[in-house]
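Notes to accompany the following structure.
The values are calculated or read from the model by the stated rules, or taken from the named source; none is laboratory data. Only a predicted model underlies this, so the values are computations on that prediction, with no experimental measurement involved. Positions of Cβ are backbone-derived with ideal geometry, glycine not excepted, and every protein chain shown enters the neighbour counts.
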Amino acid sequence: MAQSAEMQARGTVDADEVRRFADIAAEWWDPDGKFAPLHRFNPVRLAYLRDALCERFGRSPRSMRPLEGLRLLDIGCGGGLIAEPLARMGATVTGVDAAERNIAVARAHAAEEGVEIDYRATTAESLAGAGEAFDAVIALEVVEHVADLALFLESCAALVRPGGAMALATLNRTPKSFLFAIVGAEYVMRWLPRGTHDWRKFPRPSEIAAVLGRAGLRLDDTAGMTYDPLSGDWRRSRDLSVNYMLFAVKD
Amino acid sequence: MAAGRMDCDVAVVGGGMAGLTLGCALAGAGVRVRVLEPQPVSAQTDPGFDGRTTAIAAGSRAVLEAVGAWPAMAADAQPILDIRVSDGHSPLFLHYDHRALGDGPMGHIVENRAIRRALADRLAALDPGALVEGVRIAAAERGARRAVLHAADGGQTSCRLVVAADGRRSAMRQEAGIRTAEWRYRQTGIVCTVEHARDHGGAAQERFLPAGPFAILPMTGRRSSIVWTERDDIAPAILALDEAGFAEELGLRFGDYLGDLRVVGPVFSYPLGLLHAETYVAARLALIGDAAHAIHPIAGQGLNIGLRDVAALAEVTVDTMRLGLDPGGAVALDRYERWRRPDNATMLAVTDGLNRLFSNDLAPLRTLRDAGLAAVNRAAPLKRLFMRHAMGLVGDLPRMIRGEAL
């Protein structure tokens, strides 16, 4: 954690946030464990990513490897729940997480599955400093946890090659999201440990778009991710008031 | 199969009609699939193996078209243009005419062996190695990441999802410890093919006789398939009759509206019963078709609901794999279970209820059900709904049944 504390001093990582996730990292991959809600949420997020990337890069979403050859960066990759499926879809994936333990879990799992992913315990800012560039930069459920939203988004934007794209998933700052994401998910359903989220840090789509615009990215699409309590499934919707995803492009 | 190890995404245990159709659907979408069947398909397409026919409802035809197997069986498919349902020899009957729906024939009658051959040929065309004949699975290990099937000859198949398509007495289901709810009807199904002097005009007949339903299903040419439900205590005597005696008993039930009758080929018989698996899924395992449910042939829906399982499981599997996710994982299997089990439970209850309602000769029930049939016959919207149900066109339909690409 000394390293994380040091990074926090000059970067966007919040040390308390990192510790909270590292403690439960080993459970990432148990579909019936603590992360069960995330496993249920995953298909709708992956479908959005795949469809947006296919549209941007002229691929067919009906292929078994629609992202063949694309170089993708997954920031805040956790145990690899998004990075592995992206690699199975054919992408060359770099997975980055500030927590060493998450990277250890993700590496071990990918090795067991025989999936090749370049996992690194580092941050967006370090990569940007090293001058790396990707076809798309993906950060799902990250921006609501970072200490400095603008600095984080600017670092991500710098990692997108011209013609490339960026995808984010996060929570909106609305009365409804307070009710659903904090009261509902943490207190009633207990999907997430209490204190996982700080509602005040949830960014509005307009706030993200404004920062990205200054960094040379144009907002291309947004979609809501809505939970249906009757079926227990998540679906894509137009309602951005709680969970939403955002796709931006660098022309 | 030579003793060795095969790797694939999905291993389908059982190369019957449901298993072969699933194999075609998955292979067509680029999934690495293996269909493991103990008997060579050539043995199963022999007329002595299975003389049964299947009523292919419109929804099932859409599935067979989607997997590309329909053209090869179309020449052997007799369109059903008309369905007449009657209670014994009562003058009141329910008459379904395809013109009332306005979407072509209500279904087709096809011999099972023609369906099997078309599916096996299609699967071989999609992936020459997909059908593995002569493999008997002795044991299955279903682990956290993969499942491994061990064949009796020592060969192994490693996959992410095992599909049990091994029929009513499914060994895969039993191995997984999935229990079933089942009961026998005190009825035997007698099946044979007849030739008749006059043309059937594409009309199917279902007669509710006191012993159980007696169906005459039009086949290509001047032939019809008989599905004759008989009481268990009478059936052995009928089956023991010589050719002339059997023909006479058959004629009493069939009537003379198609002229002289002649039984062609062997007469088959099998006990009738209902079976429903308590769950359709376990770790890395999904049940389809008769392995999940076996119903009374009263409404001719057995394979039709099996093909709905196939269409739903193929869609869940392909959607899951196109997202780089695990087709044998809990999220995918749960989606399949929630999609199919309630629908099948309804069909099981309806066919069971119909059989109980009609397989007797109690006067008050006769009056009630005759009034019911006549009422349904007059209520056009209700009749259309029943027809669309029987055609498999109602409910949350998989893409292949809606005629869309997988």
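General observations
- Filter result for residue B:313 (assigned to a helix (DSSP H, G or I) and either surrounded by fewer than 20 Cβ atoms within 10 Å (Cβ to Cβ) or in contact with a Leu (Cβ under 6 Å, 6 or more places away or on another chain) (or both)): no
- The helices (runs of 4 or more DSSP H) found entirely in region B:316-406 that carry 2 or more residues being within 14 Å of chain A (Cβ to nearest Cβ), modelled with pLDDT of 75 or more and over 18 Å from the mean Cα position of the chain (by Cα) are B:330-358.
- Exactly one residue among B:62, B:55, B:27 is more than 14 Å from chain A (Cβ to nearest Cβ), in contact with a strand residue (DSSP E or B) (Cβ under 6 Å, 6 or more places away or on another chain), crowded, with 19+ Cβ neighbours inside 10 Å and within 26 Å of residue B:401 (Cα to Cα), and that residue is B:55.
- Per-region count, region B:124-177, residues among the hydroxyl-bearing types (Ser, Thr, Tyr), under 16 Å from residue B:34 (Cβ atoms) and crowded, with 22+ Cβ neighbours inside 10 Å: 1
- Being touching a residue at least 12 places away in the same chain (Cβ under 8 Å) and either surrounded by fewer than 20 Cβ atoms within 10 Å (Cβ to Cβ) or small (Gly, Ala, Ser) (or both) is a property that holds for residue B:253.
- Strands (runs of 3 or more DSSP E) within region A:40-130 that include 3 or more residues in contact (Cβ under 8 Å) with a residue 12 or more places away in the chain and away from every other protein chain (no Cβ under 14 Å): A:71-75, A:118-120
- The residue that is modelled with the lowest pLDDT, counting only those in region A:68-93 that are farther than 18 Å from residue B:9 by Cβ and over 13 Å from the mean Cα position of the chain (by Cα), is A:69.
- Considering only residues in region A:154-203 that are touching a residue at least 40 places away in the same chain (Cβ under 8 Å) and of a type in the set (Lys, Arg), the one that is surrounded by the fewest Cβ atoms within 10 Å (Cβ to Cβ) turns out to be A:176.
- Residue B:225 vs. criteria touching a residue at least 60 places away in the same chain (Cβ under 8 Å), within 18 Å of residue B:83 (Cβ to Cβ) and either surrounded by 20 or more Cβ atoms within 10 Å (Cβ to Cβ) or not aliphatic (A, V, I, L, M) (or both): yes
- Residue B:63 being over 18 Å from the mean Cα position of the chain (by Cα) and farther than 14 Å from residue B:117 by Cα: no
- Which numbered condition residue B:262 fails, given (1) farther than 21 Å from residue B:109 by Cβ; (2) surrounded by fewer than 15 Cβ atoms within 10 Å (Cβ to Cβ): (1)
- Some residue of region B:100-114 being in a loop (DSSP other than H, G, I, E, B), crowded, with 19+ Cβ neighbours inside 10 Å and at pLDDT 95 or above: no
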